[in-house]
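The values are calculated or read from the model by the stated rules, or taken from the named source; none is laboratory data. Computed from a predicted structure; not experimentally measured. Cβ placement follows ideal geometry from the backbone for every residue including glycine, while neighbour counts extend to all protein chains displayed. Surface areas here come from the heavy atoms of the whole protein model, side chains and all, with no ligands, DNA or RNA. Shrake-Rupley method; radii C 1.70, N 1.55, O 1.52, S 1.80 Å.
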Amino acid sequence: MGMYNIYHVTKFTIKEAFARRIILVFAGVSTFSLVILALLLFSTDAMDLVGAFDMKTRVDGQLVDVKTELATGIKALFTIPLYGIGLFLSIFAVSGFIPSLLEKGNIDLFLSKPIARAELILGKFFGGTAVVFLNIFYIVVGIWVLLGLGLNVWSADFLLVSFTITFTFMVLYTLIILVGILTRSSILAMMLSYLFFFVLSPILESRGSFSQFLGETWNMVIEILYYIIPQTTELGRISLELATGTTPESLLPLLYNSIILILTISSSIIIFNKKDF
Amino acid sequence: MNAIEVKSLRKVYSSGIRQKEVVALQSLDLTVDPGVIYGLLGPNGAGKTTLIKILLGITHKTLGEANILGEDISNYQIRKKVGYLAENHKYPPFMKGEEILHFFAQLGGYDKPDLDQRINDLLKLVDMEKWRKTKLKNYSKGMLQRIGLAQALVNDPELVFLDEPTDGVDPLGRKEIRDIIKRMKDDGKTVFLNSHLLSEVELICDRVAVLNKGELITEGTVGELTSDNDEYKITLDSPLEEEFKQKATGSFAGLKCNRTKIIFSTKDSSELNSLIDLIRREEKQIMEITKQKRTLEDSFLEIITGKEGKNGDV
Ligand SMILES: Nc1ncnc2c1ncn2[C@@H]1O[C@H](COP(=O)(O)OP(=O)(O)OP(=O)(O)O)[C@@H](O)[C@H]1O
Ligand SMILES: [Mg+2]
């Protein structure tokens, strides 16, 4: 019963996402980027250029494959905007889910069904995540296949990027759900996640570079904020490291963010359970 | 087993930053037998919708007890057997009529294999077959109401809550909806209905309750609520003199006069005949006598205004 309810709401949410144009914009941008990459890789001129470099060069006394280097560059070149623009669009796409669910006359209908409120929220969560994952997976697999065919570089590490970026989205999405339940405002939910994602997390991540200018109290506040605000910048770094084939420096951000994700979605459910509609 | 059983149910909303409190239901006791069409009446803000929302888990009760179909309302699985048409409902606009029915049947836990057939039948019942493949954002108000009614029935519920089911529907459609509600009863379902259209309630409900300011004022069959007294209107050919008016109102309780009309309400036809004798003795010409059946609306207005008056005295 429970699983079925979550499944139905997930399916419904995916449908809702496609009814909003923004997901199609995302898919369109992805497709466009893939086409450009394909043209670059398979146009004869460009390949001649690469062909000219088709040799091993010696850098710092090590043998380096130019094709691999080129592939790595391309992966990094795509991962950064996928992380930035992709998540920007994804947040935009899902920020209205909870407010529209909670609209007067609509929520009544859902709650009058034999479904627990937690199932409703989890269905929304998985539905939004599924749509975003599909989109990200589509472009990541696309790039991977093109690089494989074009440059014969098939390192599967890059595929993991689709999971880390989706995970970053999931963390932000729980925040959107929480703010949506508290305020029923999609704008506020969206703005707050952009604030966390584009401003606070990058600043807190680089706190080492300005801590010397601040007093002890401020540094403590910043240290606390660092652990309670989703560490999305760290997740971005891990994504980039995976894309470029370097071993991630630390996987601890995955743990911290998982804890934040679980805490946020649980409090959303608890608050939602208490609400009158 | 009662279809609905409510004991000392109280609801206080507190909303806004200042936590302003609104008592929506005072301490409500109500029982609805299975298989009846039950009407809940009351002015705007009386608490009718609040009661339904509590019974369906949309709003939480403050105090008291409530059961539907023999189960405490906290057991949400019982809602498998319940249908609901909300007031001012807003269905997902990006879905087609038939998709709505499909989706909410699944969410409603309907798992019998005849779902497609059922949806066809329901679309026919509410006369929406033509629009089944149209998205809801292109529906008119009455069409939304029809699809909402079909949705309320899609999981073959035992108990159906209808909050203003004929809102926004044209007269022909209203008649159709009334027929559908009667059919639900014939199928053995219990129907709980909120409505402002008292003439409609009168036509279809077996029992009614009147709610005002969160309090149950009266409860009974439509007959019990309307059959207190019959009212007669006697029209005369010429204006009544003051003297006659005084004499008549002095001898008959429940009599009102205006210029050429006497309105007399009584249970007793011999009283009516004595009044006619009096009029004839005074050699007045009676043009017309009509018996006016008290409508539910009359009783309702009397109950509500009567109650307000009493409250005002305290
Ligand atoms: N979600 C809510 N938050 C705060 N107050 C509410 C809420 N819902 C209803 N109320 C208040 O509770 C009271 C009863 O409202 P309710 O909607 O139950 O009335 P009603 O009898 O259905 O009225 P109507 O005939 O207009 O539909 C009203 O005073 C209303 O303002
Ligand atoms: Mg109402």
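With labels modelled as points extended 7 Å from the Cα through the Cβ direction, what inter-label distance (nm, one decimal) is found for B:S199 paired with B:K137?
3.8 nm
If the viscosity is 0.692 mPa s and the temperature 37 °C, what translational diffusion coefficient in µm²/s does Stokes-Einstein give for region B:162-299 when Rh comes from Kirkwood over Cα pairs?
183 µm²/s
Calculate log10 I(q)/I(0) of region A:115-267 for q = 0.12, 0.17, 0.20 Å⁻¹, where I(q) comes from the Debye formula with a single equal point scatterer on each Cα and nothing for solvent.
For region A:115-267 at q = 0.12, 0.17, 0.20 Å⁻¹, log10 I(q)/I(0) is -0.61, -1.05, -1.27.
For region B:83-133, would you read off the P(r) tail past 14 Å as a percentage of all alpha carbon pairs?
57 percent
When every alpha-carbon pair in region B:49-96 is counted, what percent end up more than 12 Å apart?
66 percent
How long are the semi-axes of the equivalent ellipsoid of region A:67-179, defined as square roots of 5 times the Cα gyration tensor eigenvalues? Whole Å, largest first.
Value: 37, 13, 10 Å, ordered largest first.
Would you mind computing, in nm to one decimal, how far apart the modelled labels at B:E241 and A:A130 are, each placed 7 Å from Cα along Cα→Cβ?
Going by the 7 Å Cα→Cβ label model, 8.9 nm.
Two decimals, Cα atoms only, Kirkwood Rh: what is Rg/Rh over region B:231-292?
A ratio of 0.90.
Please calculate the 1.4 Å probe accessible area of B:T218, with all protein chains present, and give it to the nearest 10 Å².
Looks like 40 Å² after rounding.
Quickly estimate the mean residue ellipticity at 222 nm for chain A, helices only: each DSSP H run with n ≥ 4 gives -39500 (n - 2.57), and the total goes over all residues, rounded to 500.
Computed mean residue ellipticity for chain A: -24000 deg cm²/dmol.
Seen from all sides and averaged, what is the projected area of the convex hull of the Cα atoms in region A:236-277, in nm²?
If you wrap the Cα atoms of region A:236-277 in a convex hull and average its projections, you get 3.8 nm².
Can you tell me the Rg and Dmax of region A:144-191, counting just the alpha carbons, in angstroms?
Expressed in Å, the Cα Rg and Dmax of region A:144-191 come to 17.4, 51.
Under a 1.4 Å probe, what is the accessible area of region A:2-274 per residue, stated in Å²?
Value returned for region A:2-274: 47 Å² of accessible area per residue.
Gap in Å between the Cα centre of region B:56-121 and the Cα centre of region B:282-296?
Region B:282-296 and region B:56-121 have Cα centres separated by 50 Å.
Starting from the exponent 0.38 and prefactor 2.2 Å, build the expected Rg for region B:104-147 from its residue count and divide its actual Cα Rg by it.
After normalising by residue count via 2.2 N^0.38 Å, the value is 1.23.
For the protein assembly as shown, report the % of Cα-Cα distances exceeding 38 Å.
The calculated P(r) of the protein assembly as shown puts 51 percent of pairs beyond 38 Å.
In chain A, which whole DSSP H runs stretch at least 27 Å along their own axis (Cα) and average -0.5 or higher on the Kyte-Doolittle scale?
A:21-42, A:117-151, A:160-183, A:252-274
For region B:4-224, what is the charge dipole size about the Cα centre, in debye to the nearest 20, if Lys and Arg each add +1 at the Cβ and Asp and Glu each add -1 at the Cβ?
My answer is approximately 880 debye.
Given 10 Å bins starting at zero, what is the percent of C-alpha pairs of region B:1-124 in each, up to the one with the largest pair distance?
11, 35, 33, 19, 4, 0
Considering only C-alpha atoms, what is the centroid distance from region A:3-31 to region A:169-226, in Å?
Each part's Cα centre sits 27 Å from the other's.
To the nearest 0.05, what FRET efficiency results for B:R183 and A:L182 with a Förster distance of 60 Å applied to their C-beta separation?
0.85
If the reach is capped at under 20 angstrom between alpha carbons, list the lysines near B:K233, excluding any in the same chain fewer than eight residues apart.
B:K245, B:K247, B:K256, B:K261, B:K267, B:K284, B:K291, B:K293
Report, in cubic angstrom per residue, the convex hull volume of the C-alpha atoms of region B:103-224.
So the per-residue hull volume is 130 Å³.
Using 0.36 nm times the number of residues separating A:I36 and A:V199, minus their current alpha carbon distance, what extension gain do you get?
Working it through step by step, the gained length comes to 55.6 nm.
In nm, to one decimal, how far is the modelled label at A:V145 from the one at B:E283, with both set 7 Å along Cα→Cβ?
A separation of 10.9 nm, rounded to one decimal place.
Could you put B:F244, A:F78, A:F126 in order of accessible surface area, largest first, with the 1.4 Å probe and the full protein assembly present?
Descending accessible area places them as A:F126, A:F78, B:F244.
Calculate, for region B:4-224, the solvent-accessible area per residue in square angstrom, rolling a 1.4 angstrom probe over the heavy atoms of the protein chains.
I get 42 Å² per residue for region B:4-224.
Going toward the positive end of the dipole of region A:2-274, with +1 on Lys and Arg Cβ and -1 on Asp and Glu Cβ, which of A:G84, A:A19, A:I229 do you reach last?
Farthest towards the positive end: A:A19.
Determine the equivalent ellipsoid of chain A by diagonalising the alpha-carbon gyration tensor, then write out the semi-axes as square roots of 5 times the eigenvalues, largest first, rounded to whole Å.
Semi-axes (√(5λ), whole Å): 38, 25, 14.
On a C-alpha basis, how far is the centre of region A:239-270 from the centre of region A:100-163 in Å? Whole number, if you could?
Cα centroid to Cα centroid, the span is 16 Å.
Count the lysine pairs in chain A whose Cα atoms sit under 29 Å apart, keeping only pairs 8 or more residues apart in sequence or on different chains.
Count of close lysine pairs: 22.
Hey, with R₀ at 30 Å, roughly what FRET efficiency would A:W154 and A:L252 work out to, going by the Cβ-Cβ distance, to 0.05?
Given R0 = 30 Å and the Cβ-Cβ separation, E is 0.50.
To the nearest 20 debye, what charge dipole does chain A have about its Cα centre, counting +1 at the Cβ of each Lys and Arg and -1 at the Cβ of each Asp and Glu?
Rounded to the nearest 20 debye, it is 1040 debye.
Ratio of chain B's C-alpha Rg to 2.2 N^0.38 Å, to two decimals?
Taking N as the residue count of chain B, the ratio is 1.24.
Put +1 on the Cβ of each Lys and Arg and -1 on the Cβ of each Asp and Glu in region A:2-274; which of A:V141, A:T244, A:G73 then has its Cα farthest toward the positive end of the dipole?
A:V141
For region B:188-255, what are Rg and Dmax over the alpha carbons, in angstrom?
Final numbers for Rg and Dmax: 19.0, 59 Å.
What value, in deg cm²/dmol to 500, does the helix sum -39500 (n - 2.57) over DSSP H runs of n ≥ 4 give at 222 nm once divided by the residues of chain B?
Calculated from helices alone, the mean residue ellipticity at 222 nm is -11000 deg cm²/dmol.
Would you mind working out the magnitude of the charge dipole of the protein assembly as shown relative to its Cα centre, with +1 at each Lys and Arg C-beta and -1 at each Asp and Glu C-beta, to the nearest 20 Debye?
500 debye
Who wins for biggest fluctuation among A:R237, A:R184, A:R207 in a Gaussian network model of chain A, springs between alpha carbons below 10 Å?
Highest fluctuation of the listed residues: A:R207.
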